[in-house]
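What follows is a short report on a single structure.
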Amino acid sequence: MSEPFDILIVGVGGQGTILASNVLGEACLIERRHVLGAETHGMAQRGGSVESHIRIDAAGGPLISPGTADLLIAFDMLEALRYRHYLADGGVMVVAEQIIVPTSAFQQKLEIPSPEAIVARLEGITLCRVDAAALAVEAGSILAQNIVMLGAASGYMPLETGSLIKAVMRCVPPKTVDINIAAFEKGMEAGETCRSA
């Protein structure tokens with residue numbers, strides 16, 4: 001059995017965190033790796049927090065304990081801040097450069113931190129920032145941001161690129177395969193830029 005590797009994907013309802021975790025699970029099955037997964041949906045339909053736990057070759061239950069995630073993929077900067085305590089020392093965070101302000105923040109007139117303030121609060125963490133929206137549009141659909149993020153994070157995972165691409169092809173709607181493969185590849189390029197910086 002390989003070394004265990006824990007991945008936490010976080011976002012808000014409608015961003016495709018569940019599809020992203022399904023792709024990772026499928027890639028593990030393709031590679032005949034042991035995988036555990038769990039999702040918590042919260043108020044997903046109202047833009048609430050959604051988290052997906054993916055544990056590769058791990059013993060124990062499907063939930064990742066705080067302070068133990070090897071990789072955190074955040075589809076939103078506020079969610080990166082909210083879940084940073086899950087990341088292990090030496091872990092990596094791949095973050096989409098966008099902020100989705102919750103409706104409750106408007107109603108309660110809460111102050112939302114700027115992207116710069118969020119990055120400052122993540123100091124000391126190995127951080128890969130990705131303009132997922134722009135790359136998804138380049139690939140052909142703004143809806144492919146979740147697959148862009150998987151591509152960006154793929155170089156940090158113990159999974160083969162070929163398995164991940166095959167898993168994307170199996171999990172996305174047939175009509176969107178080409179767009180999603182392009183999105184994954186654009187994300188991979190962004191991730192390579194982070195790793196070489």
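The values are calculated or read from the model by the stated rules, or taken from the named source; none is laboratory data. This one's a predicted model, so the numbers in the text were calculated from it and none came from an experiment. Here Cβ is always computed from backbone atoms with ideal geometry, including for glycine, and neighbour counts include all displayed protein chains.
All conditions in (1) free of Cβ contacts under 8 Å to residues at least 60 places away in the same chain; (2) closer than 23 Å to G13 by Cα hold for I100, with the sole exception of (1).
Could you please find all residues in region 68-91 being basic (K, R) and within 23 Å of L19 (Cβ to Cβ)? Full working, then the answer.
At the first step, the residues of region 68-91 found to be basic (K, R) are 82, 84.
R82 - this is the single residue of region 68-91 that is basic (K, R) and within 23 Å of L19 (Cβ to Cβ).
Taken together, the criteria place G90 among residues that are at positive phi and either outside any helix (DSSP H, G or I) or touching a Leu at 6+ places or on another chain (Cβ under 6 Å) (or both).
Consider region 134-177. How many of its residues are under 13 Å from the mean Cα position of the chain (by Cα) and either closer than 22 Å to A197 by Cβ or touching a residue at least 40 places away in the same chain (Cβ under 8 Å) (or both)?
As a first pass, look at region 134-177 and keep what is under 13 Å from the mean Cα position of the chain (by Cα): 144-157.
Applying the additional criterion that residues be either closer than 22 Å to A197 by Cβ or touching a residue at least 40 places away in the same chain (Cβ under 8 Å) (or both) yields 145-157.
The number of residues fulfilling the criteria is 13.
Of the residues in region 109-121, not one is among the aliphatic types (A, V, I, L, M), touching a helix residue (DSSP H, G or I) at 6+ places or on another chain (Cβ under 7 Å) and modelled with pLDDT of 95 or more. Taking G67 as the residue in question, decide whether it is at positive phi, touching a residue at least 12 places away in the same chain (Cβ under 8 Å), outside any helix (DSSP H, G or I) and in contact with a helix residue (DSSP H, G or I) (Cβ under 8 Å, 6 or more places away or on another chain). Yes, satisfied.
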